[in-house]
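Shown next, in structure tokens, is the structure this report addresses.
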Amino acid sequence: MVDGYHLTPHHTRLRDTVRAFAEAEIRPHVPQLEAARTVAHDLSRHIARQGWLGATIDPTYGGLGLGHLAKTLIIEELSRVSAAMGAMLQASHLGTAKIIHFGSEAQKQTWLPAIAAGTCLPTIAVTEPGSGSHVLGMTTTAVPDGDDYVITGTKTFVGNSHIGDLHGVVARTGPGTRGLSAFLVEADRPGVRLTPHQPSMGLHGFSFGEIVFDNCRVPAANRLGAEGDGLDVAYSSSVLYGRPNLAAVALGIHQAVLDTTVAYATRQRRYGKPLADLPTVRQRIGAIQSRLMTARLAAYHAVHLLDSGQPCDAELINAKLINAEHAIDSARDAMEIHAAHGLHPTQSPIERYFRDTLHIAAPAGTSDIQLLRLAEHALGTTRQPWSTRFHSSAPKRRRNRGEGTPTQRAGTSATGSPAC
């Protein structure tokens, strides 16, 4: 174990590789992303081509097969430089989960190599304007028609909405809990329409917008799993990927908050000595450090358990809760330390970090939702242990691998796959 966080030497090498990439290939673009507040199409594709979307995809399908802890490190390091680009990658991983866990062999052979190579960016479209976290309240329908289904409805807050190539859509095919089904819908299929991108408070460069399905016809072969599996697709993807992925984004921002604040407090002088010498400032920095250590331990421990095949639904949920709330609290402390200097984007990135942290709270369930789920675990009323159910379908890690780049390793297996 390295660093006390379940990291192996391979993990640390991976972290260093992603960190170097983020500094060289992403950081120079951040000012433009902030100024333009549009979708970073080209940069997103460049990141995807590194092969990191294949972190949890089995090598059989061209993936890296490194597991969830490695995925967490990748997302964290990207988010430390640009939370928008970390969010882009995590949303694509979330879209990948549904195919890994519910896809037929034909669907896996068709789509996973392209995702691993970065030529296909998947999404998952569950949330609707009128239902929010209440998945069973959705009104989008998928009506059987011969060998097809016709999908009608609107999905909102879809991560990678405006750059996604393959949408995983959950729609109602019948009444009740088992009345939801999931479908793979190509972005260029007739009847799929994007509403114009609307800039948000933070995560500039990332898209999480609205998709309208207007009598969109998809073949029955595009259905994920059996009819009635839609709720399982939504919940399992959220618990096993959504929660830890967002924890990783928050963790990257949190680290950037600490690094920036320490540098500022050490450089800035008050009363003839560094600002960091003031007891009140030291206490705030200590609080940020404490929260970060707790958040990192929660995130890494949860995905380590997931990689190990141990029950960890509660740990995954808690990791998202702790990381989202702690990152927000630390960003607030950092703003207090920076005072007026933290309010202007040309003087400090702290205001960007503060805005970005607030975007982590709602996706995959607000903090109130996480607390409700944790209460279910405490009360023994949890119905579905997703972490143990899907361990058998988790990718096997490669051992004694060479040191080729992720792009080289992931890309070679995707020859001939659809550039969706």
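Among the residues of the range 257-269, at least one is open to solvent by less than 60 Å² (accessible area, probe 1.4 Å) and closer than 30 Å to Gly132 by Cβ.
May I ask you to verify whether Ala327 is under 21 Å from the mean Cα position of the chain (by Cα), modelled with pLDDT of 95 or more and crowded, with 19+ Cβ neighbours inside 10 Å? Spelling it out, Ala327 is indeed under 21 Å from the mean Cα position of the chain (by Cα), modelled with pLDDT of 95 or more and crowded, with 19+ Cβ neighbours inside 10 Å.
Go through the range 9-41 and give me each residue that's within 27 Å of Ala298 (Cα to Cα) and exposed (fewer than 13 other Cβ atoms within 10 Å of the Cβ). Selection gives Pro9, Arg13, Asp16, Ala20.
Looking at the range 292-313, which of its residues are over 15 Å from His6 (Cβ atoms), more than 18 Å from the chain's Cα centre (by Cα) and part of a helix (DSSP H, G or I)? Selection gives Leu292, Thr294. What are the residues in the range 138-156 that are surrounded by fewer than 17 Cβ atoms within 10 Å (Cβ to Cβ) and either touching a residue at least 40 places away in the same chain (Cβ under 8 Å) or assigned to a loop (DSSP other than H, G, I, E, B) (or both), if any? Listed by number, the residues that qualify are Thr139, Pro144, Asp145, Gly146, Asp147, Asp148, Thr152.
Pairs meeting the criteria (first residue in the range 326-347 and in contact (Cβ under 8 Å) with a residue 24 or more places away in the chain and of a type in the set (D, E, K, R), second residue outside any loop (DSSP other than H, G, I, E, B) and open to solvent by 80 Å² or more (accessible area, probe 1.4 Å), beta carbons under 7 Å, at least 6 apart or on different chains) are Asp333/Arg284; Glu336/Arg284.
What are the residues in the range 374-409 that are among the polar types (S, T, N, Q) and either at pLDDT below 85 or outside any loop (DSSP other than H, G, I, E, B) (or both), if any? Give the steps one after another, and end with the answer.
Of the range 374-409, the ones among the polar types (S, T, N, Q) are 381-382, 384, 387-388, 392-393, 400, 405, 407-408.
Across the range 374-409, the qualifying residues are Gln384, Ser387, Thr388, Ser392, Ser393, Asn400, Thr405, Thr407, Gln408.
So which residues in the range 42-81 are without any contact (Cβ under 8 Å) to a residue 40 or more places away in the chain and either acidic (Asp, Glu) or crowded, with 24+ Cβ neighbours inside 10 Å (or both), if there are any at all?
Hits for the range 42-81 are Asp42, Ala55.
For every residue, the table says whether it meets (1) open to solvent by 40 Å² or more (accessible area, probe 1.4 Å); (2) of a type outside the set (S, T, N, Q); (3) without any contact (Cβ under 8 Å) to a residue 24 or more places away in the chain; (4) not in a loop (DSSP other than H, G, I, E, B).
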site: Val158; (1), (2), (3), (4): no, yes, no, yes
site: His167; (1), (2), (3), (4): no, yes, no, yes
site: Val185; (1), (2), (3), (4): no, yes, no, yes
site: Gln198; (1), (2), (3), (4): yes, no, yes, no
site: Val212; (1), (2), (3), (4): no, yes, no, yes
site: Arg217; (1), (2), (3), (4): yes, yes, no, yes
site: Tyr235; (1), (2), (3), (4): yes, yes, no, yes
site: Val239; (1), (2), (3), (4): no, yes, no, yes
site: Leu246; (1), (2), (3), (4): no, yes, no, yes
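If you filter the range 342-373 down to residues that are over 24 Å from Ala319 (Cα atoms) and open to solvent by 70 Å² or more (accessible area, probe 1.4 Å), you find that the one that is modelled with the highest pLDDT is Leu343.
The values are calculated or read from the model by the stated rules, or taken from the named source; none is laboratory data. What you are looking at is a predicted structure, and each value in this text was computed from that prediction instead of being measured. Here Cβ is always computed from backbone atoms with ideal geometry, including for glycine, and neighbour counts include all displayed protein chains. Note: areas computed on protein heavy atoms with side chains; ligands, DNA, RNA excluded. Shrake-Rupley method; radii C 1.70, N 1.55, O 1.52, S 1.80 Å.
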